[in-house]
Amino acid sequence: MRTQVQLGYTLGTSLLLSAVVYFYASNWGALSRWEKLAPLFAAIAVMYILSEVLARRPGRAFLSRLALLACCLFFGVGLALIGQTYNSHADSYSLFALWLVPALLFALLTRWQPFSILAYILGHLAYLFYFFPSLDSGRTSELRSVTVLAVLTVLNLLVLAGTERRLLASPVLRLLSFGASFFLLLYISEAFSLGGYGRWLNIPLLLMLGLAVFYYHRTRNKMLLLLSGLCVSVMTVVKYFRLLVHFADESFILWSMLFVVLFVWGNVRFLRYLRSLPSAAASEEQGEDAGEERTHYVKWAARVLMVSVIAIGTILGTATVVGFLIIILEIEHPENVLAVLGGAVVIGTIAAKRLNSIVRYTLMTGGVILGMAAALILDSLPLMLLFLVLMVTALVFITGTVQRIYFFVIAESIAGIVLNDLLEDGVGIFATLGAVLLVVLLGTALFVKQQGLRTPLLYGSYPSFLLVFFILTFITEGPAYYLCNVLFFLTVTAAVFLGNRASLAWVYGTSLPFWIAFLVYKYYDLAWKLLHKSFSLAVAGVILLAATMLYERRQGAGEQPALRTGQRRSTVWVLAGLAVLQLAVMSAQIARNEGLLANGQVIKLQLVPLDPRSLLQGDYVHLSFTISRPDWSDAQFEPLNDKPKATLVLAPDAAGVYQLVRLHEEHIPLKEGEVLIRGKWDGYRQFQYGIEQYFIPEGTGLEVERTAQYAEVKVSASGDAILVRLLGG
């Protein structure tokens, strides 16, 4: 009962928060600055107070932590919102760095993993945006880029070491830091040439993977040993395609065939080796349940590795076969050969029951790809139907849950291709496919009793049905659009609760991401006004919260202890201080901008054509000014080569419109009428001033684009700028 109540409160609150965001976005242009910002201050204070109140009530530990996390998230939103309210945008890295401070302190004080993950992500964003600002990232030298990314890799390796030594108790951070270290080293080894020394950048990558395999073998950590094996496979494929670009000739194709065989064989041996390893016992602190959970995840990780090997082997194998036919045999039109070869391989692998599963499904997938490619080239519907029948046959007669899901997904994909060939209407294609999937889902749930067939059909049809249904909520029109949206939302909400109540993890785990995706992606759906969405979500949220409260009263209060005991009361004041600090930082930024608005000098800038866009806070226009692209010689840009941030001098022309005249030099005093403005040079003869976005009411972008010709801007004595409003001719 407790998890049902927590879920109800969480989903209901999410709906109300989404309704608030949608309402703000729809009325952005009509709200004053204080109407936009005051609710954020109130939200931070309320979320902190709510966290403290809930922490002292039984059964509210999760909601208390969630409220504290919301307090931190609102701070990050507030930093961005202040910049957008005043149309003055600070460097991205400074926003993430400011947000990182409370996230990191909350993580240290609460020891709650979501704060650690948030701090980890914010730290990476602040670091990367500091060294690679989006405006001048193309100007960074290779040596500097390698150095910056290498330092970030070392930092991730230190985090990984901290999790291994249990200084950081976060399994998620362990996986994130391991994956980040690998992909950073892989990127470094591929993206930078550095003259003739580029090949030596592969050594750190090989060293890391070699040490990872050795260490996780010694510690019997099957999960990370599997992850290490997957990384080795990814690296192998990336390096293979790098060689393919440079050595695509007859001998390379022949060597590629051998490479594919060795790649699949090596992974088969690796998985057999992993199965032979004893699992490391769960620690006393973790208990027996943790050991069982880890074993469950290890099994799924092994399946992920197996599927990855099959996918990689298939890609390499089919590419090699096509290359062999075209380059070596010089067959100009290999469609018929591919059709026969693909069909023969599929039929042969269906019959070869004792063949190793990785080898078997690699060959089978390759055969399907080759055969369907030939069918599409030949535009042969009978050939498509033949492969569809083969997949259905394999689904029925080959046992194994994962295997049958595999056949179901392929059969479903082929069915989609067939429907696309038969029907021209997108709505008709997805509606027909959705109806078929629904029939399969309901028919399986009601009539199929054999567990070996029932489970894979349910696991395969339900996510596919939700995906097709979700697509229909965007592409339908008229009354059908609203009907699809209402039915989808009701269906997925009911599935979330029923899956949680019945302990059907696969239903709950599949439905919840679609529920969240509905709230997120519907923001960008232009067929429905934001204001209408806001009211609809608010009504749904109130109904859900009321139903949850009624359900909780009928079932009785939970018996769980409160989150904070007497020993933890000392942290309350520290957390309160953090909340006050967040409010103080936001207040300081607002005061700075208000001071600029009150005391800054008004200037008028001419616009070039506008670009209407859509963002989280509603519609905005992306502006470009005549001062953005000065008609300067190369010599005038030379001082910016080592220092892209610049202070520039503007002066009014005869019409009172300010134009860019020169770079500011401290020893040259300003003339009468001249003002300073701070900008960034992007390396391509263009300046950005942080006033390029102007938020407008929903649906007015085209009108603004048609009428606006000038921008009214206020600048301070030091050159900071705020965009006040747009002006007509």
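The values are calculated or read from the model by the stated rules, or taken from the named source; none is laboratory data. Just so you know, these numbers come straight off a predicted model, no measurement behind them. Cβ: placed from backbone, ideal geometry, glycine included. Neighbour counts: every protein chain shown. The area values use the complete protein model at the heavy-atom level, side chains included, leaving out ligands, DNA and RNA. Shrake-Rupley method; radii C 1.70, N 1.55, O 1.52, S 1.80 Å.
Remarks
- In segment 181-223, the alpha-carbon atoms span a convex hull of 54 Å³ per residue.
- Semi-axes of the equivalent ellipsoid for segment 461-517, computed as √(5λ) from the eigenvalues of its C-alpha gyration tensor and ordered from largest down, come to 22, 11, 8 Å.
- For A708, the amide hydrogen comes within under 5 Å of no other amide hydrogen, counting only partners 5 or more places away or on other chains and with H modelled in the peptide plane.
- Karplus 3J(HN,Hα) series, Hz, for segment 369-386 with 6.51 cos²θ - 1.76 cosθ + 1.60 (x for Gly, Pro): 5, 5, x, 5, 4, 5, 5, 5, 5, 7, 6, 9, 5, x, 5, 4, 5, 4
- Table column - 3J(HN,Hα) (Hz), segment 543-553, Karplus curve with 6.51, -1.76, 1.60, x for Gly and Pro: 4, 5, 5, 5, 5, 5, 5, 5, 5, 5, 5
- DSSP-assigned coil residues among trypsin sites (Lys or Arg not before Pro) in segment 350-379, each with at most 10 further Cβ atoms within 10 Å: K353, R354
- Cα convex hull volume per residue for the chain (Å³): 219
- Sequentially through segment 662-675, phi angles give Karplus couplings (6.51, -1.76, 1.60; θ = phi - 60°) of 5, 6, 7, 10, 4, 7, 9, x, 6, 7, 4, x, 7, 9 Hz, Gly and Pro residues having no value and appearing as x.
- Taking 0.36 nm per residue of separation and subtracting the Cα-Cα distance, full extension of the segment from V77 to K449 would add 128.9 nm.
- Taking amide H positions as modeled 1.01 Å from N, with prolines and chain starts lacking one, the residues under 5 Å from L623 and 5 or more places away or on another chain are Q693, Y694.
- Cα-based values for segment 129-210, radius of gyration first and Dmax second, are 14.1, 42 Å.
- With each label modelled as a point 7 angstrom along the Cα→C-beta vector, the L670-Q601 pair spans 0.4 nm.
- Tilt relative to the chain, helix 505-521 - C-alpha long axis, 0 to 90 degrees, to 10: 30
- Sorted peptide list for 622-628, 441-447, criterion being average Cβ within 10 angstrom, highest first: 622-628, 441-447
- Calculated FRET efficiency for the pair S32/L158, C-beta based, R₀ 41 Å, to 0.05: 0.30
- Cut-off under 5 Å, modelled amide H: who pairs with R662 long-range: V649
- Per-residue ellipticity at 222 nm computed for the chain from its helices equals -23500 deg cm²/dmol, with DSSP H segments shorter than 4 residues left out and the rest contributing -39,500 (n - 2.57).
- Point-to-point label distance, R166-A191, nm (Cα→Cβ direction, 7 Å offset): 3.7
- Fully extended contour minus Cα-Cα distance, from S380 to I49, at 0.36 nm per residue: 112.5 nm
- Note on the chain: with neighbouring protein chains present and a 1.4 Å probe, carbon and sulfur make up 66 percent of its accessible heavy-atom surface.
- Dipole magnitude for the chain: computed about the Cα centre from +1 point charges on Lys and Arg Cβ and -1 point charges on Asp and Glu Cβ, it is near 3040 debye.
- Per the Kirkwood formula applied to alpha carbons, segment 2-53 shows a radius of gyration over Rh ratio, Rg over Rh, of 1.08.
- Extension gain, T147 to R269, is 40.2 nm, computed as 0.36 nm per intervening residue step minus the present C-alpha separation.
- Our summary gives the chain a relative contact order of 18 percent, counting only alpha carbon pairs under 8 angstrom and 6 or more residues apart.
- Per residue accessible area in Å² of the chain, where ligands, DNA and RNA are left out and the probe is 1.4 Å: 51
- Förster radius 56 Å - calculated FRET efficiency between V439 and F183 (Cβ-Cβ, nearest 0.05): 0.85
- Cross-link pairs exceeding 28 Å between alpha carbons, from the set K529/K680; K36/K529; K522/K645; K529/K714: K529/K680; K522/K645; K529/K714.
- Point-charge dipole on Cβ atoms (K/R +1, D/E -1) for segment 331-451, about Cα centre, debye to 20: 860
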